[in-house]
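The values are calculated or read from the model by the stated rules, or taken from the named source; none is laboratory data. This is a predicted model, so every value here is computed, not measured. We place every Cβ from the backbone using ideal geometry, glycine too, and count neighbours over all the protein chains shown. Surface accessibility is based on the protein's heavy atoms, side chains included, excluding ligands, DNA and RNA. Shrake-Rupley method; radii C 1.70, N 1.55, O 1.52, S 1.80 Å.
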Amino acid sequence: MSRGVTNYQRLGQVAWEKMPKVSSELFALTYGSMVSQVIKDYEKVDAINLQLDKMGYNIGIRLIDEFLAKSGVEMETPCSSLRETADMICKVAFRMFLNINAECSNWGPDDNHFSVLFSDNPLTEFVELPPHLQDLRYCNIFAGIIRGALSMVQLDVEVELVREVLRGDDTNEIKVIYKQSLKTEMAAAYDDT
């Protein structure tokens, strides 16, 4: 049974209201100082982007537990399609954790990929990229978080931050491409044979 988009929006709003709050300025400045340290440690833009993605992945594999515990989503009724999963990400998760209204669009012909679009981004409040870092994907951590969270619910996806307001684009866009559903396999030591 498919859940309605307004139901997702309601779930996201209720979850946001229940979550403990942190000042958006503190959040943005803390993230900015972390990115600044990664820039110092890795120097090359490609390595920095990769490191932000890895950090996001590690956050995502833990954040999914909090999402499932506090979002009000019925855990015994998993998402039945990638469209439903996308709505859960856009309408519930982004709202719950960041108070961002995100939209799902740019669906592929086989419903195997979509984009998460959002214009407001609390992480970039006080940020300007210097000319030598114009290829930096400042919010690449979001791509990693989505990839990590979905891997924990057995979805293998490719996630890429393709547009960012900080780099002069009109909106932020994260592209999610479904690759396969993962199967949980028990080790041979647990076989009954």
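Counting only protein chain heavy atoms and rolling a 1.4 Å probe, the accessible areas of Arg95, Arg10 rank, largest first, as Arg10, Arg95. Using the Cβ of Asp111 as centre and a radius below 12 Å, the other residues enclosed give a net charge of -1, where K and R count +1 and D and E count -1. In the full protein context, segment 35-193 carries 55 Å² of accessible surface per residue, based on a 1.4 Å probe and ignoring ligands, DNA and RNA. What longest range of the chain stays clear of loop-exposed GluC sites (Glu not before Pro) (DSSP non-H/G/I/E/B, at most 13 other C-beta within 10 angstrom)? So the longest stretch without any such site is 129-184. Over 22 Å between Cα atoms, which of Lys70/Lys91; Lys54/Lys175; Lys18/Lys91; Lys70/Lys183; Lys21/Lys70; Lys18/Lys183 qualify? Cα-Cα > 22 Å for Lys70/Lys183; Lys18/Lys183; rest within. Determine the sum of side-chain charges near Ala69: Lys and Arg each +1, Asp and Glu each -1, restricted to other residues whose C-beta is under 12 angstrom from that of Ala69. Around Ala69, the surrounding residues sum to +1. Counting only heavy atoms of the protein chains and using a 1.4 Å probe, Val165 has close to 60 Å² of accessible surface.
Can you tell me how segment 118-179 classifies by the Cα gyration tensor, rounded, prolate or oblate, using a/c under 1.5 as the rounded cut? It comes out prolate by the Cα gyration axes. Here segment 72-177 is treated with +1 on each Lys and Arg Cβ and -1 on each Asp and Glu Cβ, and its dipole about the Cα centre works out to around 160 debye.
Per-atom-type breakdown for segment 1-160 gives carbon and sulfur 54% of the accessible area (1.4 Å probe, protein chains only). A probe of 1.4 angstrom, applied to the heavy atoms of all protein chains, finds Asp110 with accessible area near 130 square angstrom. Might you work out the accessible area of Tyr57 for me, using a 1.4 Å probe with all protein chains in place, and round it to the nearest 10 Å²? Surface open to solvent at Tyr57 totals about 70 Å². Placing unit charges on each Cβ (+1 for Lys and Arg, -1 for Asp and Glu) gives the chain a dipole about its Cα centre, and among Thr171, Ser23, Leu133 the Cα reaching farthest toward its positive end belongs to Ser23. Each residue of the chain gets 152 Å³ once the volume of the Cα convex hull is shared out per residue.
Electrostatic tally near Asn172: other residues with Cβ closer than 9 Å to its Cβ, Lys and Arg +1, Asp and Glu -1, net -3.
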